[in-house]
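So the structure is just underneath, and the comments pick up after that.
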């Protein structure tokens with residue numbers, strides 16, 4: 001993939017944590033693939049013994065992910081897949097939008113994805129230091145910065161410094177909460193050439209509007225079948 005990340009003619013429809021099953025599970029990813037998703041979005045964390053797993057929240061059933069081993073986690077929540085298992089499920093079938101939920105395991109992520117075709121995945125995070133580390137480790141990987149108006153890193157910097165930092169890191173796209181897409185707050189902080197992947201868009205009218213927006217390269221949704229139908233010619 002071109003490091004500058006040229007968006008496709010029409011937005012990708014990306015299943016938010018999979019589709020029609022318990023989120024962030026192999027069953028959810030298989031269902032999304034069966035429905036025809038252009039991609040699946042999922043969240044990555046690390047266990048105490050550095051096994052990368054796919055799970056959104058920092059804890060499961062009262063246990064912090066970073067404080068349990070993979071074997072302990074399997075006993076607590078056997079449905080949680082590893083990143084390796086998730087890649088095996090999705091590779092060759094659908095695009096992977098891989099979100100790093102926290103910094104600290106970027107090298108392990110890169111090690112697991114380095115053999116994948118560059119156009120088969122992107123790495124995203126709310127943490128600028130995480131995507132900066134990915135860029136440093138593998139300059140060719142597509143990276144996106146997740147943002148909501150309350151993003152701490154954004155408000156720690158002036159709009160000018162925020163834009164400069166994104167350009168210095170080499171961010172390929174911005175992934176904002178769709179509800180702030182047209183705000184002045186976001187416009188001030190985003191280099192004009194960067195496309196958007198928006199989340200999490202479930203309302204039919206919003207999906208239709210975003211499908212017609214030339215700046216939007218990806219739509220992340222819980223309503224996969226609906227979004228695919230609305231995008232159909």
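The values are calculated or read from the model by the stated rules, or taken from the named source; none is laboratory data. Since we're looking at a predicted model, the values are computed, not measured. Every residue, glycine as well, gets a Cβ built from its backbone with ideal geometry; the counts of neighbours run over all protein chains shown.
Out of all the residues in region 93-133, which are in contact with a helix residue (DSSP H, G or I) (Cβ under 6 Å, 6 or more places away or on another chain) and part of a loop (DSSP other than H, G, I, E, B)? Passing the criteria: 93, 94, 103. In region 60-77 there is no residue that is assigned to a strand (DSSP E or B), under 24 Å from residue 199 (Cα atoms) and either touching a strand residue (DSSP E or B) at 6+ places or on another chain (Cβ under 7 Å) or modelled with pLDDT under 95 (or both). Among the numbered conditions (1) touching a helix residue (DSSP H, G or I) at 6+ places or on another chain (Cβ under 8 Å); (2) surrounded by fewer than 20 Cβ atoms within 10 Å (Cβ to Cβ); (3) at pLDDT 95 or above, the only one that residue 188 does not meet is (3).
Taking region 171-182 as the search range and keeping residues that are out of contact with any helix residue (DSSP H, G or I) (no Cβ under 8 Å at 6 or more places or on another chain) and under 12 Å from residue 193 (Cβ atoms), which one is surrounded by the fewest Cβ atoms within 10 Å (Cβ to Cβ)? If you could, list the steps in order and put the result at the bottom.
First, the residues of region 171-182 that are out of contact with any helix residue (DSSP H, G or I) (no Cβ under 8 Å at 6 or more places or on another chain): 172-173, 175, 177, 179, 182.
Then drop every residue that is not under 12 Å from residue 193 (Cβ atoms), which leaves 172-173.
Numbers: 172: 27, 173: 21.
Checked region 171-182; the qualifying residue surrounded by the fewest Cβ atoms within 10 Å (Cβ to Cβ) is 173.
Residue 137 meets the stated requirement of being within 29 Å of residue 65 (Cα to Cα) and in contact with a helix residue (DSSP H, G or I) (Cβ under 8 Å, 6 or more places away or on another chain). Restricting attention to region 134-170 and to residues that are part of a helix (DSSP H, G or I), touching a strand residue (DSSP E or B) at 6+ places or on another chain (Cβ under 9 Å) and buried (at least 18 other Cβ atoms within 10 Å of the Cβ), the residue that is modelled with the lowest pLDDT turns out to be 154. Please work out which residue is surrounded by the fewest Cβ atoms within 10 Å (Cβ to Cβ), limiting yourself to region 1-50 and to residues that are modelled with pLDDT under 95 and out of contact with any helix residue (DSSP H, G or I) (no Cβ under 8 Å at 6 or more places or on another chain). Here the residue is 9. For region 177-222, a residue qualifies if it is more than 25 Å from residue 156 (Cβ to Cβ), touching a strand residue (DSSP E or B) at 6+ places or on another chain (Cβ under 8 Å) and in a helix (DSSP H, G or I), and the qualifying residues are 207, 210, 211.
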